[in-house]
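What follows is one structure encoded as structure tokens, with my remarks underneath.
Every read-out reported here was derived from the displayed coordinates using simple, explicitly stated rules and does not represent laboratory data. Not measured: the values here are computed from a predicted model. Every residue, glycine among them, receives a Cβ derived from its backbone with ideal geometry; neighbour counts consider all protein chains shown.
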Amino acid sequence: MPHCGGSCCGGPDLGGTRRFFGKEAARYGRSFERKGPDAAQQALIDLVQREGGPRGDVLDIGCGVGPVHLSLLGRGVGHATGIDIAAPMLEEARRQADRVGLSDRVDYRVGDFVALAAELPDADLAVLDKVVCCYEDVDAIVDASMAKTHRLLAMSFPRDIWLSRLILRIVIGVSKVFGGGFHPFLHDWRCMGQRIADGGFELAQSARTLAWQINIYRRPTAERASA
Ligand SMILES: C[S@@+](CC[C@H](N)C(=O)[O-])C[C@H]1O[C@@H](n2cnc3c(N)ncnc32)[C@H](O)[C@@H]1O
């Protein structure tokens, strides 16, 4: 498998990520409450539906305040587990789940998904919505996500075009100065796609917004097994 990016020196330092997204939770919550899923999330949800919809449980990794899994629960998913490293995001996700009357069908776990993966339930669909660009060790988070899903892996990540790379480089530079210990990552997205292919998945659906690439991967073996 190609090596697409890892972390050195004893694993990623996630304190900055935790603090940064902890402070963002209220804003994410207000946005979801007012506008619903954003354009990339809506595209991801629609592509999952086009792929036959989730046929079982959902694992929403780096779920934030829950727009993706709460929307999918409204479309027939049985149960969702949301995991996020920032506890305030999950407090807000619980509030949102209460608001839409779905709190009995969600569980939330706080922590680094890569570290907690072995303790989490498997799912029919694993979601990584705008998360791989927030985590240094892209190989580890993608491998752990593939291991958790029986059928579908739905991802959004920055578009692989020069303008998007330039903007992300500027954001990374600014964040290194003002981000309080957090900055996003510009990984080799083509390499990540190859790693997912080598992991036994094929690209089933894709779409893009101005800033985001949305890809749905499926395990062909799972399709054959359920045929
Ligand atoms: C850009 S936000 C996206 C949140 C949500 N998916 C959305 O689009 O609204 C990235 C989220 O991933 C979380 N995150 C980053 N690395 C993580 C990790 N290793 N384990 C769990 N959550 C993580 C952050 O705390 C943050 O809430």
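Based on this model, can you work out whether Asp160 counts as part of a strand (DSSP E or B), of a type in the set (Asp, Glu), away from the ligand (no atom under 15 Å from the Cβ) and surrounded by 14 or more Cβ atoms within 10 Å (Cβ to Cβ)?
Considered against the rule, which asks whether it is part of a strand (DSSP E or B), of a type in the set (Asp, Glu), away from the ligand (no atom under 15 Å from the Cβ) and surrounded by 14 or more Cβ atoms within 10 Å (Cβ to Cβ), Asp160 comes out as no.
I'd like to know if region 91-104 contains one or more residues that are crowded, with 17+ Cβ neighbours inside 10 Å, in contact (Cβ under 8 Å) with a residue 60 or more places away in the chain and not in a helix (DSSP H, G or I).
So far as region 91-104 goes, no, none of its residues is crowded, with 17+ Cβ neighbours inside 10 Å, in contact (Cβ under 8 Å) with a residue 60 or more places away in the chain and not in a helix (DSSP H, G or I).
Those residues that are touching an Asp or Glu at 6+ places or on another chain (Cβ under 7 Å) and either within 11 Å of the ligand (Cβ to nearest atom) or under 23 Å from Leu210 (Cβ atoms) (or both), I need them from region 126-157; list them, please.
Of everything in region 126-157, those that are touching an Asp or Glu at 6+ places or on another chain (Cβ under 7 Å) and either within 11 Å of the ligand (Cβ to nearest atom) or under 23 Å from Leu210 (Cβ atoms) (or both) turn out to be Val127, Ser156.
Return the total of residues in region 26-59 being of a type in the set (S, T, N, Q) and more than 22 Å from Arg99 (Cβ to Cβ).
Of the residues in region 26-59, 1 are of a type in the set (S, T, N, Q) and more than 22 Å from Arg99 (Cβ to Cβ).
Hand me the list of helices (runs of 4 or more DSSP H) wholly inside region 1-79 holding 2 or more residues that are surrounded by fewer than 21 Cβ atoms within 10 Å (Cβ to Cβ).
By residue number, 15-35, 39-50.
Would you please name the residue that is nearest to Asp122 (Cα to Cα), looking only at residues in region 73-85 that are of a type outside the set (D, E, K, R) and over 14 Å from the mean Cα position of the chain (by Cα)?
My answer is His79.
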